[in-house]
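Any read-out appearing in this document is the output of simple, stated calculations on the displayed coordinates, not a laboratory observation. These numbers come from a predicted model, not from an experiment. Heads up, the Cβs are rebuilt from the backbone with ideal geometry, glycines too, and the neighbour counts pull from every protein chain shown.
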Amino acid sequence: MKQGILNFIFFIFIGLILPLTINAQEDSLIIVGNEISVPSELNMNQLKSVLKGEKLRWNNGTKVVLALMKTSTPVGTYMCNKIYNMTGNELNKYFLALVFQGKAKAPTFFNSVEELEVYVAKTPGAIGVLQNTDDKLLKVILVDGKNQL
């Protein structure tokens, strides 16, 4: 009888708790930047200012270049919600308005993580948002002392 209860509890754990742990890891975001010109650490307010196109230059004078996953991709959709608190369409309209007003340059949007990684690694001032990376040419930027959001 006790073995049956233990098996039941085990299956409940595997079925309910384990997927939540896996999804939490998949849903984390990291901020990556060009190795040379992007700072190693930002606080959340600084990051949001950069990602919203409000901060146009890094402290060393290099232009900020935004590299984001397309808002139609799973990572892009999650990024819109978590960082911008917007839908994909709202974010696209937000940047369209900034560009139209001459206040900022539009981000470069990518369909694949690999393309974004190559772009950020080769582009001075570039910063991007990903779920994870193994690319050694990219700098993972700490946000409030953490490497994941």
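Counting only Cβ charges, +1 for Lys and Arg and -1 for Asp and Glu, the dipole size of region 33-149 around its Cα centre is about 440 debye.
Taking amide H as placed 1.01 Å from N in the peptide plane, the amide H of F110 sits under 5 Å from that of L68, M69, K70, each at least 5 places away or on another chain. Per-residue Karplus couplings for region 85-93, computed as 6.51 cos²θ - 1.76 cosθ + 1.60 with θ equal to phi - 60°, are listed in order as 6, 9, 7, x, 5, 5, 5, 4, 5 Hz, Gly and Pro entered as x. Net charge near T71, counting Lys/Arg +1 and Asp/Glu -1 over other residues with Cβ under 15 Å of its Cβ? Counting the neighbours of T71, the net charge comes to +3. How much of the calculated P(r) for region 53-148 lies past 19 Å, in percent of all Cα pairs? Percent of Cα pairs beyond 19 Å in region 53-148: 43. Our coupling estimate for region 27-37, obtained by passing each phi through the Karplus curve with A = 6.51, B = -1.76, C = 1.60 and θ = phi - 60°, is 8, 7, 10, 10, 9, 10, x, 4, 4, 8, 10 Hz, Gly and Pro reported as x. Each residue of region 123-130 was assigned a 3J(HN,Hα) from its phi angle through the Karplus curve 6.51 cos²θ - 1.76 cosθ + 1.60 (θ = phi - 60°); the sequence is 10, x, x, 6, 9, x, 10, 9 Hz, with glycine and proline shown as x.
Only lysine pairs 8 or more places apart, or on different chains, with alpha-carbon atoms under 15 angstrom apart are counted in region 66-132, and they number 4. When the trypsin sites (Lys or Arg not before Pro) in region 114-149 are filtered for DSSP coil states and for at most 14 other beta-carbon atoms within 10 Å of their beta-carbon, the remaining sites are K136. The alpha-carbon of K139 sits under 13 angstrom from the alpha-carbons of these aspartates and glutamates, leaving out residues fewer than 8 places away in its chain: E35, E41, E117.
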